[in-house]
Amino acid sequence: MIDTHCHFDFPPFNQAPAQYWQAAREVGVTRMIVPSVSEQNWQAVLALTERFAGIYAGLGLHPCFVDTHTDSSLAALEDALVSRPLSCVAVGEAGLDYFVANTAEMKQRQHALLEGQLWLARRYDLPIILHSRQSHNQLLRVIKAYPGIRGVLHAFSGSAQQGKQFIDAGLMLGVGGTITYSRANKTRQAIQHLPLSHLLLETDAPDMPLAGFQGKANTPAQVSRVADVLCELKDCDKDRLLTETSGNAERLFSLK
Ligand SMILES: [Zn+2]
């Protein structure tokens, strides 16, 4: 089982990473992708990939952290990608967040950073890990201007039609804790209609706690429960579901 989106350099994991990784391994998690949010945490994320076999990194500039990005951040990202270790398997986390960007200027900065990272992903032939909140249509428009791009829209929530549009634009969809909430009807129905060949499992830990675990930090071990709910929605046994979704992640991120 692969958790394709976990912020494992964040608290509480950074207090006892070996313990949390062990707990994840005990429920069958074999690999995990840790995206980064800012130039300031690239080193910490890469250090995790050196310390733990099975942990891989994405290097990127998250749209919610625009205040920590500078005019030289994209150039620094390119330098980091040029000298990347094999454990760096993606650009990201990049994207748009119109919930956070409430001014035209912030939206413009998010767009510039996103386009820079899409360009780098294509230039270095890496998949891109994308975040989108209240910005699906805008993100889709930008992605379509980068034919040949591949990547994942993480923590997908939306309609089946939106999901299909992202798949047609070259993306996979990350499925996380949202589907464990019965009130998330639109997303649950969308996932039922979207092809398993384009779905990835993720937790977004420590964020996005599952139904029944609100108020607690989410953990990568919970990806097993996300898989259980996805099995119900897709009417699929767990072995097949894990084989398919792990295969998708292996192909997208070129994991061995
Ligand atoms: Zn994230």
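The values are calculated or read from the model by the stated rules, or taken from the named source; none is laboratory data. Keep in mind that this is a model prediction, so the values were computed, not measured. Every residue, glycine among them, receives a Cβ derived from its backbone with ideal geometry; neighbour counts consider all protein chains shown. Just so you know, the surface numbers come from the protein's heavy atoms only, side chains and all, with ligands and any DNA or RNA stripped out. Shrake-Rupley method; radii C 1.70, N 1.55, O 1.52, S 1.80 Å.
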> Which one of Gln19, Gln15 is farther than 20 Å from Met208 by Cα and either open to solvent by 40 Å² or more (accessible area, probe 1.4 Å) or under 16 Å from the mean Cα position of the chain (by Cα) (or both)?
Replying inline: Gln19
> From the residues in region 123-136 that are more than 15 Å from His198 (Cα to Cα) and assigned to a loop (DSSP other than H, G, I, E, B), which one is farthest from the ligand (Cβ to nearest atom)?
Replying inline: Asp125
> Considering region 129-138 alone, what residues qualify as being without any contact (Cβ under 8 Å) to a residue 60 or more places away in the chain and either buried (at least 23 other Cβ atoms within 10 Å of the Cβ) or touching an Asp or Glu at 6+ places or on another chain (Cβ under 9 Å) (or both)?
Replying inline: Leu130, Ser132, Arg133, Gln134, Ser135
>> I need the full set of residues from region 177-209 which are hydrophobic (A, V, I, L, M, F, W, C) and more than 16 Å from the ligand (Cβ to nearest atom), in order please.
In response: Ile179, Ala184, Ala190, Ile191, Leu194, Leu196, Leu199
> Within region 49-78, how many residues turn out to be in contact (Cβ under 8 Å) with a residue 40 or more places away in the chain and either assigned to a helix (DSSP H, G or I) or among the small types (Gly, Ala, Ser) (or both)?
Replying inline: 9
> Which of the residues spanning region 65-88 are modelled with pLDDT of 95 or more and under 21 Å from the mean Cα position of the chain (by Cα)?
Replying inline: Ser73, Leu74, Leu77, Glu78, Ala80, Leu81, Arg84, Pro85, Leu86, Ser87, Cys88
>> So, in region 65-88, exactly how many residues are of a type in the set (A, V, I, L, M) and open to solvent by less than 10 Å² (accessible area, probe 1.4 Å)?
In response: 3
> free of Cβ contacts under 8 Å to residues at least 60 places away in the same chain, within 20 Å of Leu252 (Cα to Cα), assigned to a helix (DSSP H, G or I) and within 16 Å of the ligand (Cβ to nearest atom), is that true of Gln117?
Replying inline: yes
>> Test of understanding: among Trp21, Trp42, which residue is without any contact (Cβ under 8 Å) to a residue 40 or more places away in the chain and aromatic (Phe, Trp, Tyr)?
In response: Trp42
> From the residues in region 27-56 that are away from the ligand (no atom under 15 Å from the Cβ) and among the small types (Gly, Ala, Ser), which one is nearest to Leu153 (Cα to Cα)?
Replying inline: Gly54
> Which of the residues belonging to region 89-110 are at pLDDT 95 or above and either closer than 20 Å to Thr4 by Cβ or surrounded by 19 or more Cβ atoms within 10 Å (Cβ to Cβ) (or both)?
Replying inline: Val89, Ala90, Val91, Gly92, Glu93, Ala94, Gly95, Leu96, Asp97, Lys107, Gln110
> Residue check: is Ala24 surrounded by fewer than 20 Cβ atoms within 10 Å (Cβ to Cβ) and of a type in the set (A, V, I, L, M, F, W, C)?
Replying inline: no
> In region 137-167, how many are within 16 Å of the ligand (Cβ to nearest atom) and not aromatic (Phe, Trp, Tyr)?
Replying inline: 7
